[in-house]
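The next block holds one structure in the form of structure tokens; read it before the comments.
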Amino acid sequence: MTIESMTCFSERALLAVTLTNEVDEILAHAAFHDYPNVASVDPAGWVEWLHVYFDAPDCSSLNSMFLHYFVSKPDYAHGCARELISTMFSAIPDVHYCLLAVPTTTTLGNFSCSLFVCLASRPVQAPGL
């Protein structure tokens, strides 16, 4: 991803957060949107998609955000992700769920295990995942 495309991507986010240290060195960045980053899902119809394919009855367009982009210095990934997600919840108090939609073949690494819980899927595999 180029700097230009990342800037454009972050500018379109509902919320973009950058984490810096005391000397303004960038440690991490996250972009949150109000729809999943799944090409086959209409951004206006994601709630129905979520309820059809996953066990998430309490998630709605009013109380949920999706993490679309996260980057950090490798040694600080877990702590930075935790801080950025916490900041998202503080900045938008009506949000109760932060969702991450990834293909089933994607490995997220160890840091995500304590930050995200896999939703139980319905018998039919969701398109695009």
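The values are calculated or read from the model by the stated rules, or taken from the named source; none is laboratory data. These numbers come from a predicted model, not from an experiment. Methodologically, a virtual Cβ is constructed for each residue, glycine included, from the backbone with ideal geometry; neighbour enumeration extends over all protein chains shown.
Of all residues in region 57-86, those satisfying the criterion of being of a type in the set (Ser, Thr, Tyr) and more than 13 Å from the chain's Cα centre (by Cα) are SER60, SER61, SER72, TYR76.
Could you please let me know if SER61 is surrounded by fewer than 16 Cβ atoms within 10 Å (Cβ to Cβ), farther than 23 Å from HIS29 by Cα and at pLDDT 90 or above? Yes; evaluated as a whole, the condition is true for this residue.
Consider region 107-118 and keep the residues that are within 15 Å of LEU67 (Cα to Cα) and in a loop (DSSP other than H, G, I, E, B). The one that is modelled with the lowest pLDDT is LEU108. Restricting region 1-41 to residues that are modelled with pLDDT of 85 or more and of a type in the set (Val, Ile, Thr) leaves a set whose member that is surrounded by the fewest Cβ atoms within 10 Å (Cβ to Cβ) is VAL23. Pairing residues of region 70-85 that are under 15 Å from CYS98 (Cα atoms) with residues that are of a type in the set (Phe, Trp, Tyr) and at pLDDT 90 or above, at Cβ distances under 8 Å and at least 6 apart in sequence or on separate chains, gives ALA81/PHE70; LEU84/PHE70.
Is it the case, given these coordinates, that PRO93 is at pLDDT below 80, out of contact with any helix residue (DSSP H, G or I) (no Cβ under 6 Å at 6 or more places or on another chain) and part of a loop (DSSP other than H, G, I, E, B)? In short, no. Among the candidates ALA39, ALA16, the residue that is under 13 Å from ALA101 (Cβ atoms) and either in a helix (DSSP H, G or I) or of a type outside the set (Phe, Trp, Tyr) (or both) is uniquely ALA39.
Scanning region 61-90 for residues that are touching a Phe, Trp or Tyr at 6+ places or on another chain (Cβ under 8 Å), among the polar types (S, T, N, Q) and assigned to a strand (DSSP E or B) returns a single hit, SER64.
The residue that is modelled with the highest pLDDT, among those in region 96-106 that are within 17 Å of ASN63 (Cα to Cα) and of a type in the set (A, V, I, L, M), is LEU99.
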